[in-house]
Structure formats: C-alpha cells, structure tokens
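The values are calculated or read from the model by the stated rules, or taken from the named source; none is laboratory data. Fair warning: this is a prediction, and the values are worked out from it, not measured in the lab. Positions of Cβ are backbone-derived with ideal geometry, glycine not excepted, and every protein chain shown enters the neighbour counts. Each accessible area value is taken on the protein alone, full model and side chains, heavy atoms only, with ligands, DNA and RNA left out. Shrake-Rupley method; radii C 1.70, N 1.55, O 1.52, S 1.80 Å.
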Amino acid sequence: MYSQEEIKPYHEGEKAEQVEAMFDNIAPSYDKLNHRLSWNIDKGWRRKAIRQLEPYQPQQILDIATGTGDFAILAAQMLRPQRLVGADISEGMMEVGAEKVKQLGLQDVISFAKEDCLNLSYADGTFDAVTAAFGIRNFASLDRGLSEMCRVLKTGGHLSIVELTTPVSFPMKQLFKVYSHTILPLYGRLISKDKSAYSYLTRTIEAFPQGERMMEILKQAGFRETAFKRLTFGICTLYTACK
C-alpha cells in the first residue's frame, strides 16, 4: 500500500484540508507559475496524454484533480466529448477554471464539481475515460484514489495520467534536483506568496512512485494493459491503462 498522508503542506489539520487550503491560496497565480516553471513544456505533456485517448473517442470524461481546468479545456477541444467533468477539492482553483471555460464558450461541455477524489460521488461505470494531470501525487492515499478512478470508469474505458517525476539518468537527475530544491520553491514563494506550497510540491514529486512501481499500483487498483512513457528526460511520465 502507498500513502502520502505524512507529506503535508502545512503543520495543522488533515492532509485533504491542507491541500485544499494550499491550492485555494495559490489559485490566482497557479497558471502563470505552472507554465513559467516548466517553460511551457507542460502544455505539450497534456497534449500527449490526450492523444492517447483519440482512437477511443470518449464521450463522457472525468478529469480528476482538474485544478484550473487546463487539461479539461484541452481535452474538450481535442476530443470533442458530449460531457467533461472537472473534479477537484479546491473551489478556488475551479473558479479560475470556470472563468476560462466561460471565456472560451465551452460551458455547455465542461462543468466543475467539488469532489473528494478518494470517495467520488459518481456511480460505477459512469465515464468512458478518466484523466489526471499533475494532481494524483497530492492524494492522501494513492491506492484509494486510483481505485475510485477505476470504479467510475466503464469496462473497456481508458485512463490517461501525466505526472511530474524525478529523472533517473545523469545529468538530468542532478540538474533537476538542484532546480526543484532551489529555483522552484524560491520562485513559487515569490509569485504565490505561499512559503510552503512549492516546497511541498517538490517533496511530493520525490516521494511519488514511478515507472514499474506505478504500474503495479495501477494493476492493484483494477486497471489492465498498463504502460508508461518518460517525457522530457523523465521530468514527466505519461501513464496509460484501461479497465
């Protein structure tokens, strides 16, 4: 079993409450920081994850830990589903996302819902595809979160996840460690005004299971045909599976 319960952004309260508060705090600056800290490469990572779903033409999609909706918006534009639900614990993040959706005229396709991703409110087999971008490493229990994602997925439905990971090869492994421990938290602190948020995010990246280990966790959660591909020297990893 895998749990990140002990990795928290602040000192007081349950992890879910702390993560919700942290993302509410950084919501106004999150998009700017995300794109700048990744030199906009994150947009390409999202596109690769969505392209994995194109052959299956999913019509009902759930985007877990949707944040400000970047993945949901891109998925709606590329896949043209009937319905796409962006689920997240942070209302502050989703408010930013809802405004972007409104400006793009996608409100008839994309909706947002405050959800506990470890205990989703949807019935078994509701969605054709479940996606997640840079969010599942914040789960208090990865096992429970993935099991819930599998539960709400239809039999034969597909999963596509992109998550930040630590490179495994020299010299990117060493360069990423310096970047993630110095530049990322410093710049994040200056822009977001949250002293803990980006140091916490660095810790979650380092603790998150990668590669073959993640494959095993996905299988234990009920998924099959699991696969992964390292992107940009291993800074990000794309995981795919089906139910």
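Observations
- Matching residues in segment 91-142 - criterion: being in contact (Cβ under 8 Å) with a residue 12 or more places away in the chain, in a loop (DSSP other than H, G, I, E, B) and not hydrophobic (A, V, I, L, M, F, W, C): E115, D116, N119, Y122, D124, G125, T126, G135
Conditions (1) open to solvent by less than 60 Å² (accessible area, probe 1.4 Å); (2) at pLDDT 95 or above; (3) closer than 26 Å to F127 by Cβ, marked per residue:
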{"position": "A16", "(1), (2), (3)": "yes, no, yes"}
{"position": "R47", "(1), (2), (3)": "no, yes, yes"}
{"position": "L53", "(1), (2), (3)": "yes, yes, yes"}
{"position": "T66", "(1), (2), (3)": "yes, yes, yes"}
{"position": "F71", "(1), (2), (3)": "yes, yes, yes"}
{"position": "P81", "(1), (2), (3)": "yes, yes, yes"}
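- Candidates G145, G188, G105, G156 - the one that is modelled with pLDDT of 95 or more, open to solvent by less than 60 Å² (accessible area, probe 1.4 Å) and touching a helix residue (DSSP H, G or I) at 6+ places or on another chain (Cβ under 8 Å): G145
- Of the numbered criteria (1) open to solvent by 20 Å² or more (accessible area, probe 1.4 Å); (2) under 23 Å from R137 (Cα atoms); (3) of a type outside the set (V, I, T), the one E99 fails is (2).
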